[in-house]
Amino acid sequence: MIGSLFLSVLFCYLIIYFTRKNKWIDKPRKDRWNNKKVPKFGGLGLFFAFIITTLSTVELSNYVLLIISMTSITFLIGFIDDLYNIKPVTKILFIILLSIFCFIIDFRFFPSGPIYLSLPLTILWFSGIINAVNIIDNMDGLSVGTSIITLCLIIYFSSNNDQMEILNLSTILLGACLGFLFFNFHPAKLFMGDTGSLFIGFLLATFSLEIASSEGKNIIFTLFFPVLVMAYPIFDTFLVTINRIKNNRPVSEGGSDHSSHRLVRIGMSERKAVLFLYLISITFGLIALQFEKVNIRLFSSTLIIFTLGLIGLGLFISNYRINAGKVNKSIAKTSVFINNIYMYKKQIIELFFDALLIISSFTFSHYLRFEDSSNLDIWSLHDRILPLVISIKLITFYSFKLYRGFWQYASIQDLVNVFKASIVSTVVITFCLFFTQIELYSRSIFMIDFILTFILISSLRFFYRLIISLLSSKELKEENKTLLLGTGDLLDILTRYTLIDKELGFRPTGIIIKEEGYKGRSLHNIPILGGLNDFKSVLVKQKISRVISSFDINDPSVRVLKDHCLESNISFKTINISFK
């Protein structure tokens, strides 16, 4: 790894020097996120660092030579694309032919399955992952960083399985990627281009399949492991594809509508967005690590919860700030049944999510109660009771109107409703089991299940508000420093509004509250800078350019503050909420 790391740094430095000297620079394009002139042939440094180190340090078995040959082909496809911008259809055709050849030489998805399943899955896997690694190369450090995380997982599993050839090749590629990341993390000095992303994607797709199909692994591991280690690239590809189809845009065209771009647009910095997406990759990698160490039901429940979180994130960043009141006219003209499905799609999705979370909480409650002492009889009873649990809880949730609210405006009352629904459903389930005389191994399971259900269901309801609060740390611009002025519930409403509505273009710098004695505290994580007596000094000290007040404009003291702002060339706006 040290050798490939050193060579990668050396080659990348030389590429930056020569490309800048000869002006071989990737110019900004309207359909790309990047707005800087940056060299894009970093993939050359990655490839040659990998190949040279492999040829000089690894025994050249038939497997290694085959990997080198196939890697070289994908590298050439990417290099030609970087030079001449070949059509997406042509590039996809090459990758599909490459996938078929991989199937012929036994690099297969679900190798124990029939050919009519294994062949299309293999083509879908190779073409999907190679393109996914290419697609997420849309922000500084994202693609190579995600590849590094995936390689760490591959190295761990190949080491445990004594797959030394994969271990050596993965370690060499890891060193090359680490060297490139030094030049590619924000602000990037070098891009890998298709030259790098295609051959890295091929290696990740191949190594993950080889580990999944290794001797001693069961069929579930074979199917799930490759998907888990490549969870984020698959998620981003799926998100972009669905949104472009929905918006009648070609899937193959470039664009700034990826998950990373959406996170930046709603409040994150580029660095934070990339690190957040690294965290997603690490999380699903840890789930993959736990596959063989925990009960299969516990693994499935954990996977369900985090997958729902990922889907929820995709829904949030795809629809945040989009007018939900728009109705598709073509849908409105169809049957009442289809129209109702369209109009109530959010509630249908919530029901589906809740059902999966109910399954997860009930399964987790068994694991927490019995841990390693569970047996087949306990899990058999779990499977018998589960349909009843799902049915009663969903009916109870519906009765308590949990499907009528808006997540982005979730309140304490919504939390109370979830609590009531959870406890009532638990009581109803207990009575049903008592009257049916089903013998239980432990009634404490239902208390644990109640707690888990409340936590998971309420977390789902508060998902939007949680994400909004996490993304509200947008950096302040000097000219947009805003001070909020008010008291009581109106100030609370005003503060929430300025944090939620990103179209306002600012985040409050601080708050001046009418009452004295609150200086140093905070409201929704916005600092309270003092009372009315501190108003003038705060304007000067914080270099405030805008004041928004929730006070009655007819209040004489408010008029004095407004006049002072006008004299100081500070914008003063009043938001009045009247019930008269």
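The values are calculated or read from the model by the stated rules, or taken from the named source; none is laboratory data. Worth saying up front: this structure is predicted, and the values here are computed from it rather than measured. Note that we place each Cβ from the backbone using ideal geometry, even for glycine, and neighbour counts take in every protein chain shown.
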Selection from the range 515-532 of residues closer than 16 Å to ILE548 by Cβ and buried (at least 17 other Cβ atoms within 10 Å of the Cβ) yields LEU523, ILE526, ILE528, LEU529, LEU532
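Only one of these is at pLDDT 80 or above, within 29 Å of PHE454 (Cα to Cα) and of a type outside the set (A, V, I, L, M, F, W, C): THR283, THR302. Name it. If you could, list the steps in order and put the result at the bottom.
Numbers: THR302 fails: at pLDDT 80 or above.
Of THR283, THR302, the one residue that is at pLDDT 80 or above, within 29 Å of PHE454 (Cα to Cα) and of a type outside the set (A, V, I, L, M, F, W, C) is THR283.
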Residue hits (the range 134-150; crowded, with 24+ Cβ neighbours inside 10 Å and among the polar types (S, T, N, Q)) are ASN134, SER143, THR146, SER147, THR150
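Kindly indicate which of LYS23, LYS30 is more than 32 Å from the chain's Cα centre (by Cα) and at pLDDT below 80. Please lay out each step first, then the result.
Details: LYS30 fails: more than 32 Å from the chain's Cα centre (by Cα).
On inspection, the qualifying residue turns out to be LYS23.
Which one is farthest from LYS393 (Cα to Cα), of the residues in the range 438-453 that are modelled with pLDDT of 80 or more and polar (S, T, N, Q)?
If we filter the range 438-453 for residues that are modelled with pLDDT of 80 or more, which is where we start, we get 444-453.
Going one step further and asking which of them are polar (S, T, N, Q), we end up with 444, 453.
Values: SER444: 18, THR453: 10 Å.
Restricting to residues being modelled with pLDDT of 80 or more and polar (S, T, N, Q), the top hit is SER444.
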query: For ASN138, are the conditions met, namely being over 18 Å from PHE224 (Cβ atoms), modelled with pLDDT under 85 and either touching a Lys or Arg at 6+ places or on another chain (Cβ under 9 Å) or small (Gly, Ala, Ser) (or both)?
result: yes
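For the condition surrounded by 24 or more Cβ atoms within 10 Å (Cβ to Cβ), under 23 Å from ASN62 (Cβ atoms) and within 21 Å of the chain's Cα centre (by Cα), what is the one hit in LEU173, LEU204, LEU153, LEU169?
Details: LEU173 fails: within 21 Å of the chain's Cα centre (by Cα); LEU153 fails: under 23 Å from ASN62 (Cβ atoms); LEU169 fails: within 21 Å of the chain's Cα centre (by Cα).
Sole residue among the options that is surrounded by 24 or more Cβ atoms within 10 Å (Cβ to Cβ), under 23 Å from ASN62 (Cβ atoms) and within 21 Å of the chain's Cα centre (by Cα): LEU204.
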Among (1) farther than 18 Å from LYS481 by Cα; (2) touching a Pro at 6+ places or on another chain (Cβ under 8 Å); (3) among the aliphatic types (A, V, I, L, M), ILE553 falls short only on (2)
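When you go through PHE291, PHE276 one by one, which is the residue that is at pLDDT 75 or above and of a type in the set (Phe, Trp, Tyr)? Reasoning before the result, please.
On the way: PHE291 fails: at pLDDT 75 or above.
PHE276 is the lone residue from the list that is at pLDDT 75 or above and of a type in the set (Phe, Trp, Tyr).
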Of the residues in the range 536-554 that are closer than 21 Å to TYR497 by Cβ and over 40 Å from the mean Cα position of the chain (by Cα), the one that is modelled with the highest pLDDT is PHE551
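Of the residues ILE77, ILE2, ILE73, which is of a type outside the set (D, E, K, R), touching a helix residue (DSSP H, G or I) at 6+ places or on another chain (Cβ under 7 Å) and at pLDDT below 85? If you could, list the steps in order and put the result at the bottom.
Numbers: ILE77 fails: at pLDDT below 85; ILE73 fails: at pLDDT below 85.
Criteria check complete, one pass: ILE2.
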Counted residues in the range 150-199 being farther than 20 Å from LEU286 by Cβ and assigned to a loop (DSSP other than H, G, I, E, B) come to 10
*Return yes when LEU456 is modelled with pLDDT of 85 or more, in contact with an Asp or Glu (Cβ under 7 Å, 6 or more places away or on another chain) and among the aliphatic types (A, V, I, L, M) and no when it is not.*
no
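Can you tell me which residue in the range 346-379 is surrounded by the fewest Cβ atoms within 10 Å (Cβ to Cβ), limited to those that are more than 12 Å from ILE457 (Cβ to Cβ) and among the hydroxyl-bearing types (Ser, Thr, Tyr)? Show your work before the answer.
Going residue by residue through the range 346-379, those that are more than 12 Å from ILE457 (Cβ to Cβ) are 346-349, 352, 359, 362-379.
Still in the running and among the hydroxyl-bearing types (Ser, Thr, Tyr): 363, 365, 367, 373-374.
Values: THR363: 23, SER365: 23, TYR367: 17, SER373: 7, SER374: 17.
The selected residue is SER373.
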Q.
Against the condition under 31 Å from the mean Cα position of the chain (by Cα), at pLDDT 85 or above and closer than 26 Å to LEU228 by Cα, how does LEU124 come out, does it pass?
A. yes
Cβ pairs under 7 Å, 6+ apart or interchain, first in the range 50-65 and among the aliphatic types (A, V, I, L, M), second assigned to a loop (DSSP other than H, G, I, E, B), ordered by first then second residue, are VAL64/VAL58
